[in-house]
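*Asks:* Structure below; questions to follow.
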Amino acid sequence: MKITYTARKVNLRDNFKERTEKKLTKFAKIFSDDASVNVVVTLEKNRQTVEITIKDKSMIYRAEATEQEMNDALDRVVDILGRQIRKNKSKLSKKLRSATFEDFIAENTQDVSSEPVEEEEYNVVRKKMINVKPISVEEAILEMNMINHKFFMFINSETNEPNVVYARDNGDYGLLQPSNES
């Protein structure tokens, strides 16, 4: 795995990087050597936010945690990633070598409470047809806010491709655009 660090308003010490790499080694068995890991650490008002994104082929895992201490946030993020991976184990085991994956599950179920992880069935309860029209990103955000939704799908008038704008927890907005990269 290739790990990239980004520090925003904070200096990362070598011991934090070493600790991060040590914690992420338990995920190395699951993902290929080409997997990229992006670790973003942000300091805002005496609160440290650690965000880790793991990309491997078509799989993307992302977790974020905010704590007073950077190491506490790192611990929480690694736990969240572990839960996400265990939750999606049936999907992952089809794509990956099952023996390695089963070893990972056996190793990491001891770290978390002994409660069983229920496999969740995705139940679509409503389908809605929407009229997507070419508009700008700013217009899409305006429409999303007018209908009081957290996201809004539209055709970007600049690229003529389907896009989605969404409201982030911090009050900012995000834009999802299609990409041909895997």
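*Asks:* Counting only residues that are among the aliphatic types (A, V, I, L, M) and not assigned by TED's automatic domain parsing to the domain that holds R168, give me the strands (runs of 3 or more DSSP E) lying completely in the range 1-79 with at least 3 of them. Write out each step before concluding.
*Replies:* On the way: elements: 2-8, 36-44, 47-56, 59-67.
Result: 36-44, 47-56, 59-67.
*Asks:* Sticking with this one: Could you please tell me which pairs satisfy a Cβ distance under 8 Å, a separation of 6+ or placement on different chains, a first residue in the range 54-65 that is at pLDDT below 85, and a second residue that is crowded, with 16+ Cβ neighbours inside 10 Å?
*Replies:* Final answer for the pair search is D56/F31; D56/A35; M59/F31; M59/L92; I60/T53; I60/I54.
*Asks:* Now for a different question. Given the condition touching a residue at least 60 places away in the same chain (Cβ under 8 Å), part of a loop (DSSP other than H, G, I, E, B) and in contact with a Ser or Thr (Cβ under 7 Å, 6 or more places away or on another chain), answer yes or no: does some residue in the range 157-166 qualify? Even if it seems obvious, please write down each step before you answer.
*Replies:* The initial filter retains those residues of the range 157-166 that are touching a residue at least 60 places away in the same chain (Cβ under 8 Å), namely none.
Checking the range 157-166: not a single residue is touching a residue at least 60 places away in the same chain (Cβ under 8 Å), part of a loop (DSSP other than H, G, I, E, B) and in contact with a Ser or Thr (Cβ under 7 Å, 6 or more places away or on another chain).
*Asks:* E18 passes all but one of (1) surrounded by fewer than 19 Cβ atoms within 10 Å (Cβ to Cβ); (2) touching a helix residue (DSSP H, G or I) at 6+ places or on another chain (Cβ under 9 Å); which number fails?
*Replies:* Every listed condition holds for E18 apart from (2).
The values are calculated or read from the model by the stated rules, or taken from the named source; none is laboratory data. For clarity, every value in this text was computed on a predicted model and none was experimentally measured. Reconstructed Cβ throughout: ideal geometry from the backbone, glycine too, with neighbour counts over all protein chains shown.
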